[in-house]
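Peer 1: There's a structure below that I have some questions on.
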Amino acid sequence: MNTFQSVEALFKPFEMGNLKLSNRILMAPMTRNFSPNGVPGEDVAAYYRRRAENGVGLILTEGTFINHPDVASEVPAWQEDVPHLYGEDALNGWSKVVEGVHEAGGKIFSQIWHMGARGNVNDYSKQEISELIEAFEQAATNAKKVGFDGIEIMAAHGFLIDQFFWKKTNTRNDEYGGDMVNRTRFASEVIAACRRAVGPEFPIVLRISQWKYDFYTAKLVETPEQLKHFLTPLVDAGVDIFHASIRRFWEPAFEGSELNLSGWIKKLTGKPTITVGSVGLDADFLDFFANGEQANGKANKIGALVKRLEREEFDLIAVGRALLADPDWVNKIRDGRIEELLPFTREALDTLH
Ligand SMILES: Cc1cc2nc3c(=O)[nH]c(=O)nc-3n(C[C@H](O)[C@H](O)[C@H](O)COP(=O)(O)O)c2cc1C
């Protein structure tokens with residue numbers, strides 16, 4: 001197989017406004033729990049820098065907590081080492097991360113994250129909703145201040161913003177609940193507030209998904225028409241790039257077309273999109289969380305990925321576990337060193353490779 005030829009499209013630069021990426025390969029956001037008390041240290045900086053040194057076009061950081069009481073109080077043990085995007089120490093830590101990535105010629109966006117309502121989004125008062133929006137806005141301000149090249153707002157996987165999106169978790173009967181447009185209102189206000197905070201040039205990515213963390217078969221929308229209805233207010237609010245989180249990039253979003261979810265979003269909005277899901281691996285990541293299943297490094301689907309990219313179904317490709325286990329993954333793919341691809345194992349999580 002002439003791998004070098006076949007992967008060329010992955011290595012074309014990408015430009016959007018002031019954002020210039022040297023290739024199409026992104027590191028997917030992955031929580032690593034290596035930031036004691038929310039502060040990323042030198043090991044985290046070195047981990048991200050290694051990806052930039054080894055050719056990753058854009059790094060999306062692991063989810064970083066915004067400063068909101070629902071997040072800061074009663075933090076379960078596993079979240080204690082999740083990084084914050086607030087507080088002097090955490091922000092100093094992040095500015096060192098950013099500096100290292102930039103020195104190595106890379107770009108890095110911070111993923112801003114609220115884990116979700118403790119009870120239910122139905123319980124929030126209007127005042128609490130305003131405070132949540134302010135916390136997102138503050139996180140966006142902080143991201144820009146420490147030098148990130150953009151932000152990704154986490155609105156997928158059943159976390160807070162997604163809880164507002166989904167009719168099963170949002171049965172509010174005010175303007176934040178009810179029909180699809182009302183259920184996007186919270187997200188739209190978050191996006192608009194972040195946009196005000198960072199200005200028109202700073203890229204804002206929105207990560208969305210059909211599936212939820214504890215409900216893999218959930219669907220926000222059933223048809224392309226519903227998807228369009230859902231996306232329109234989010235585009236109007238100021239999203240630059242959509243990141244559609246799916247488990248396997250080759251799976252169609254709707255019957256009757258091969259397009260995956262990012263493909264449909266690009267077609268319906270004209271916005272650049274990021275795809276993701278089992279790139280270079282032979283098992284999806286929920287198999288790993290559910291069964292601890294190892295995934296072996298494979299290049300067999302890379303050809304299909306490149307074809308979709310060449311057809312401009314999407315613009316950018318996020319790679320998760322393969323890049324978590326192997327900082328040199330991009331170079332191996334570029335050079336056709338397929339036999340050197342590493343498997344992703346549970347042990348890979350124990351270290352910042
Ligand atoms: C250890 C681990 C941590 C993750 N943490 C996050 C996260 O913080 N934010 C997020 O949006 N997705 C998170 N994800 C999902 C990944 O971004 C990605 O969508 C998923 O792993 C599928 O890509 P892959 O098949 O290339 O691994 C995580 C995945 C893994 C394996």
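The values are calculated or read from the model by the stated rules, or taken from the named source; none is laboratory data. Remember, it's a predicted structure, so these values are computed and weren't measured experimentally. As a convention, Cβ positions derive from the backbone with ideal geometry for all residues, glycine included, and neighbour counts pool all protein chains shown. Remember, those area values only see protein heavy atoms, side chains included, never the ligands or the DNA or RNA. Shrake-Rupley method; radii C 1.70, N 1.55, O 1.52, S 1.80 Å.
Peer 1: What is the number of the single condition among (1) acidic (Asp, Glu); (2) open to solvent by less than 30 Å² (accessible area, probe 1.4 Å); (3) assigned to a loop (DSSP other than H, G, I, E, B) that residue 174 does not meet?
Peer 2: The number of the failed condition is (2).
Peer 1: For region 149-166, give me the residue count where each residue is touching a helix residue (DSSP H, G or I) at 6+ places or on another chain (Cβ under 7 Å), in a loop (DSSP other than H, G, I, E, B) and either of a type in the set (Val, Ile, Thr) or open to solvent by 10 Å² or more (accessible area, probe 1.4 Å) (or both).
Peer 2: Here the count works out to 0.
Peer 1: Of a type outside the set (Ser, Thr, Tyr) and within 13 Å of the ligand (Cβ to nearest atom): which single residue out of 315, 287 fits that description?
Peer 2: Numbers: 315 fails: within 13 Å of the ligand (Cβ to nearest atom).
The unique qualifying residue is 287.
Peer 1: While we're on this one: Pick from region 47-83 the residues that are under 19 Å from residue 111 (Cβ atoms) and away from the ligand (no atom under 16 Å from the Cβ): which of them is surrounded by the fewest Cβ atoms within 10 Å (Cβ to Cβ)?
Peer 2: Applying the first criterion (under 19 Å from residue 111 (Cβ atoms)) to region 47-83 yields 47-52, 56-68, 70-72, 75, 78-83.
With the extra rule that they be away from the ligand (no atom under 16 Å from the Cβ), the set shrinks to 49-50, 52, 67-68, 70, 72.
Values: 49: 24, 50: 19, 52: 22, 67: 19, 68: 21, 70: 19, 72: 15.
Among those that are under 19 Å from residue 111 (Cβ atoms) and away from the ligand (no atom under 16 Å from the Cβ), it is 72.
Peer 1: In this structure, does residue 90 turn out to be within 16 Å of the ligand (Cβ to nearest atom), over 16 Å from the mean Cα position of the chain (by Cα) and open to solvent by less than 10 Å² (accessible area, probe 1.4 Å)?
Peer 2: Values: within 16 Å of the ligand (Cβ to nearest atom): yes; over 16 Å from the mean Cα position of the chain (by Cα): yes; open to solvent by less than 10 Å² (accessible area, probe 1.4 Å): yes.
Spelling it out, residue 90 is indeed within 16 Å of the ligand (Cβ to nearest atom), over 16 Å from the mean Cα position of the chain (by Cα) and open to solvent by less than 10 Å² (accessible area, probe 1.4 Å).
Peer 1: Output the number of residues of region 69-86 satisfying the condition of being modelled with pLDDT of 80 or more and of a type in the set (Val, Ile, Thr).
Peer 2: Looking only at that region, the number is 1.
Peer 1: crowded, with 16+ Cβ neighbours inside 10 Å and in a helix (DSSP H, G or I): does that describe residue 262?
Peer 2: Details: crowded, with 16+ Cβ neighbours inside 10 Å: yes; in a helix (DSSP H, G or I): yes.
Yes; evaluated as a whole, the condition is true for this residue.
Peer 1: Looking only at region 117-131, decide whether some residue is of a type outside the set (Ser, Thr, Tyr), open to solvent by less than 60 Å² (accessible area, probe 1.4 Å) and touching a Cys at 6+ places or on another chain (Cβ under 9 Å).
Peer 2: Among the residues of region 117-131, not one is of a type outside the set (Ser, Thr, Tyr), open to solvent by less than 60 Å² (accessible area, probe 1.4 Å) and touching a Cys at 6+ places or on another chain (Cβ under 9 Å), which makes the answer no.
Okay, residues lined up against (1) within 18 Å of the chain's Cα centre (by Cα); (2) modelled with pLDDT under 95; (3) within 14 Å of the ligand (Cβ to nearest atom):
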| residue | (1), (2), (3) |
| --- | --- |
| 220 | yes, no, no |
| 224 | no, no, no |
| 228 | no, no, no |
| 261 | yes, no, yes |
| 294 | no, yes, yes |
| 298 | no, yes, yes |
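Peer 1: Okay, moving on. Considering region 326-347 alone, what residues qualify as being at pLDDT 95 or above and either in contact with a Ser or Thr (Cβ under 8 Å, 6 or more places away or on another chain) or within 16 Å of residue 47 (Cα to Cα) (or both)?
Peer 2: Hits for region 326-347 are 326, 327, 328, 329, 330.
Peer 1: Considering region 316-348 alone, what residues qualify as being of a type in the set (D, E, K, R), surrounded by 20 or more Cβ atoms within 10 Å (Cβ to Cβ) and not in a helix (DSSP H, G or I)? Break it down stepwise before answering.
Peer 2: Pass one, region 316-348, residues of a type in the set (D, E, K, R): 321, 326, 328, 332, 334-335, 337, 339-340, 346-347.
Keeping just the survivors that are surrounded by 20 or more Cβ atoms within 10 Å (Cβ to Cβ) gives 321, 326, 332.
Scanning region 316-348 gives a single hit, 326.
Peer 1: Same structure again: Between a residue in region 337-353 that is within 13 Å of the ligand (Cβ to nearest atom) and any residue that is part of a helix (DSSP H, G or I) and open to solvent by 50 Å² or more (accessible area, probe 1.4 Å), which pairs come within a Cβ distance under 7 Å, given they are 6 or more apart or on different chains?
Peer 2: Short answer, once both residue conditions are applied: 352/43.
Peer 1: Search region 263-282 for residues that are on the phi > 0 side of the Ramachandran plot and pair each with any residue that is more than 15 Å from the ligand (Cβ to nearest atom) when their beta-carbon atoms are under 9 Å apart and the residues are at least 6 apart or on different chains.
Peer 2: If the second residue must be more than 15 Å from the ligand (Cβ to nearest atom), the pairs left are 270/235.
Peer 1: What's the total number of residues in region 235-259 that are surrounded by fewer than 15 Cβ atoms within 10 Å (Cβ to Cβ), away from the ligand (no atom under 15 Å from the Cβ) and part of a loop (DSSP other than H, G, I, E, B)?
Peer 2: Residues flagged as surrounded by fewer than 15 Cβ atoms within 10 Å (Cβ to Cβ), away from the ligand (no atom under 15 Å from the Cβ) and part of a loop (DSSP other than H, G, I, E, B) within region 235-259 amount to 5.
Peer 1: Given (1) within 13 Å of the ligand (Cβ to nearest atom); (2) of a type in the set (Ser, Thr, Tyr); (3) under 28 Å from residue 332 (Cβ atoms), identify the lone condition not met by residue 22.
Peer 2: Residue 22 satisfies every listed condition except (1).
Peer 1: Filter region 180-210 down to the residues that are within 16 Å of the ligand (Cβ to nearest atom) and either open to solvent by 10 Å² or more (accessible area, probe 1.4 Å) or part of a helix (DSSP H, G or I) (or both), then identify the one that is nearest to residue 27 (Cα to Cα).
Peer 2: Within region 180-210, the first condition is being within 16 Å of the ligand (Cβ to nearest atom), and the residues that meet it are 187, 190, 204-210.
Those still in the list that are either open to solvent by 10 Å² or more (accessible area, probe 1.4 Å) or part of a helix (DSSP H, G or I) (or both) too: 187, 190, 207, 210.
Working: 187: 24, 190: 24, 207: 14, 210: 21 Å.
The extreme case among them is 207.
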